[in-house]
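Heads up, the thing below is written out as structure tokens.
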Amino acid sequence: SPAPSSSAPFFVFASTPNPGQWIDVSLSAIATMSYSYAGGTHTFGTPNLIVNGAITLPSGTYNNFFFPSWSPDGALIVFNAARESWRNFVDARAAGQRLMLTSADGSWTTELEKMNGSGDLNITWPHWAPGASQDYLWIVFSSERDYGHRITQANTAAACLGNGVKQCKQIWIGAIDKKKLPAAGATSAVDPSAPPVWMPGQDKDADNISPYWTLPATVVPQ
């Protein structure tokens with residue numbers, strides 16, 4: 001996806017070493033690449049792998065990174081990390097998909113531990129809210145996790161079951177505390193996230209898997 005900056009446009013993407021891969025990536029790194037357009041010519045720079053190689057967490061060793069998304073100011077990137085190829089049609093949770101946060105230059109990377117919660121919850125498709133308050137940034141994502149007693153594996157709708165999904169995937173939203181983000185030039189970071197909340201208004205008996213934010217429509221006076 002392109003960075004939200006017209007003065008220094010960059011793209012962030014999953015860079016896999018395996019030719020021909022599309023969504024079902026494995027052993028993928030997070031890369032950025034400059035881009036410019038002038039005189040009818042598109043010019044792409046050399047890819048820069050900013051998150052590459054294994055990351056060891058209490059839940060395992062993660063070496064597959066994908067679904068990156070820029071923060072509204074272009075300073076941060078949220079992405080998925082998995083222990084293996086993320087798509088498993090027998091058990092969608094098996095790859096252990098979790099959310100990670102890195103700086104735009106990859107100088108530090110940290111797990112969003114509180115936002116991820118405990119266990120393997122099939123967390124995917126993170127995206128940022130287009131704006132930010134003085135105190136918080138916001139991330140929306142999809143996950144197989146309990147919403148109290150209303151959405152559990154025991155009572156999930158039959159329509160949600162398939163392709164390894166065993167519980168209705170729903171949209172959740174979590175905060176990033178700006179005060180906990182490291183200063184410029186830092187090489188390490190602590191988890192700046194908070195536990196997420198279920199997004200109201202969803203059909204609890206449906207799979208909701210690819211959330212995107214949008215700005216309000218502008219009403220043109222007649």
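The values are calculated or read from the model by the stated rules, or taken from the named source; none is laboratory data. Worth saying up front: this structure is predicted, and the values here are computed from it rather than measured. Note that each Cβ is placed from the backbone with ideal geometry, even for glycine, and that neighbours are counted across all protein chains shown. Protein only, heavy atoms only, side chains kept; ligands, DNA and RNA dropped before computing areas. Shrake-Rupley method; radii C 1.70, N 1.55, O 1.52, S 1.80 Å.
Of the residues making up region 125-152, those that are outside any loop (DSSP other than H, G, I, E, B) and either of a type in the set (G, A, S) or under 24 Å from I77 (Cβ atoms) (or both) are W125, P126, H127, W128, Y136, L137, W138, I139, V140, F141, S142, S143. Without any contact (Cβ under 8 Å) to a residue 40 or more places away in the chain and β-branched (V, I, T), is that true of V165? Considered against the rule, which asks whether it is without any contact (Cβ under 8 Å) to a residue 40 or more places away in the chain and β-branched (V, I, T), V165 comes out as no. For A81, the criteria (1) open to solvent by less than 70 Å² (accessible area, probe 1.4 Å); (2) assigned to a loop (DSSP other than H, G, I, E, B) hold in every case but one, which is (2).
Listed by position, the strands (runs of 3 or more DSSP E) inside region 35-78 whose residues that are out of contact with any helix residue (DSSP H, G or I) (no Cβ under 9 Å at 6 or more places or on another chain) and open to solvent by less than 20 Å² (accessible area, probe 1.4 Å) number at least 1 are 48-51, 60-62, 64-70.
Restricting attention to region 122-133, the residues that are within 18 Å of R93 (Cα to Cα) and either surrounded by fewer than 21 Cβ atoms within 10 Å (Cβ to Cβ) or in contact (Cβ under 8 Å) with a residue 60 or more places away in the chain (or both) total 2. For region 89-102, the candidate set comprises residues that are in contact (Cβ under 8 Å) with a residue 60 or more places away in the chain and of a type outside the set (A, V, I, L, M); within that set, the residue that is surrounded by the most Cβ atoms within 10 Å (Cβ to Cβ) is T102.
Within region 69-88, residues that are closer than 16 Å to G53 by Cβ and in contact (Cβ under 8 Å) with a residue 40 or more places away in the chain sit with their Cβ atoms under 7 Å from residues that are open to solvent by 20 Å² or more (accessible area, probe 1.4 Å) and not hydrophobic (A, V, I, L, M, F, W, C), at 6+ positions apart or across chains, in these pairs: F79/P68; E84/S26. For S142, state whether it is touching a residue at least 60 places away in the same chain (Cβ under 8 Å), crowded, with 18+ Cβ neighbours inside 10 Å, under 24 Å from L215 (Cα atoms) and in contact with a His (Cβ under 6 Å, 6 or more places away or on another chain). So S142 does not fit the description; no. Condition first: in a loop (DSSP other than H, G, I, E, B) and either crowded, with 20+ Cβ neighbours inside 10 Å or modelled with pLDDT of 95 or more (or both). Now tell me which residues in region 107-118 satisfy that. Scanning region 107-118 gives S107, W108, L112, G117. Filtering region 157-188 to residues that are under 22 Å from M115 (Cβ atoms) and open to solvent by less than 30 Å² (accessible area, probe 1.4 Å) leaves V165, Q167, C168, K169, Q170, W172, I173, G174, A175, I176, D177, A186.
Checked against (1) in a strand (DSSP E or B); (2) open to solvent by less than 70 Å² (accessible area, probe 1.4 Å), S26 passes all but a single condition, namely (1).
Table: residues versus (1) part of a strand (DSSP E or B); (2) out of contact with any Phe, Trp or Tyr (no Cβ under 6 Å at 6 or more places or on another chain); (3) farther than 27 Å from P68 by Cβ; (4) of a type outside the set (G, A, S).
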site: A154; (1), (2), (3), (4): no, yes, yes, no
site: A184; (1), (2), (3), (4): no, yes, no, no
site: T187; (1), (2), (3), (4): no, no, no, yes
site: D191; (1), (2), (3), (4): no, yes, no, yes
site: P200; (1), (2), (3), (4): no, yes, yes, yes
site: D203; (1), (2), (3), (4): no, yes, yes, yes
site: P216; (1), (2), (3), (4): no, yes, no, yes
site: V219; (1), (2), (3), (4): no, yes, yes, yes
